[in-house]
Amino acid sequence: MNVSRNVIHDLVPLYLADEASADTRALIEEFLAADPELAGKSRVCSRVLQIQPNRRQRHVITARHETQTLARTRSELAHRSWNLGLAIAFTVFPFSFIFANGHMQWMLIRDVPSAAMASWAAAAGFWVGFAIHNRRLRASGL
């Protein structure tokens, strides 16, 4: 089988990251012995990886990390739910009314407009909080 230079070029990063199988490593080493230009490029890349060893480290996710991530996600969902509920409540609160003496009486808009404005200001804060939590949860797909 004839392996092209492009195929070897694509496999060199796996070879340098020690993620290639033994057969692939042998194939790449054989090809690099015959191609000094590509061998030189791979040596340069290998030196860069040795200077920056953190790039070669494999990331292992522990069970503790998964548990902590799940707990943080649940907390974000709970905060988002509270923000949504409070945002809706403070938004509609100035439109609340009571029945007194057989008549419907508005509570805040007509009687206490400053309280209505304060309620809507609080609602705006909760809507912003809801949007922030939505943005944080977007990465997890929730």
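The values are calculated or read from the model by the stated rules, or taken from the named source; none is laboratory data. This one's a predicted model, so the numbers in the text were calculated from it and none came from an experiment. All Cβ positions, glycine included, derive from the backbone under ideal geometry; neighbour counts span all protein chains shown.
Here TRP120 passes the criteria (1) closer than 30 Å to ALA71 by Cα; (2) touching a residue at least 24 places away in the same chain (Cβ under 8 Å); (3) among the hydrophobic types (A, V, I, L, M, F, W, C) except the one numbered (1). Whenever a residue of region 98-116 is within 21 Å of ILE88 (Cβ to Cβ), its partners that are modelled with pLDDT under 80 and surrounded by 10 or more Cβ atoms within 10 Å (Cβ to Cβ), lying with C-beta atoms within less than 8 angstrom and at least six residues away or across chains, give the pairs ILE98/GLN105; ILE98/MET107; TRP106/PHE97; MET107/PHE97; ALA115/LEU108; ALA116/LEU108; ALA116/ILE109.
Within region 100-142, take every residue that is of a type in the set (A, V, I, L, M, F, W, C) and closer than 11 Å to GLU76 by Cβ and give me the one that is surrounded by the fewest Cβ atoms within 10 Å (Cβ to Cβ).
ALA139
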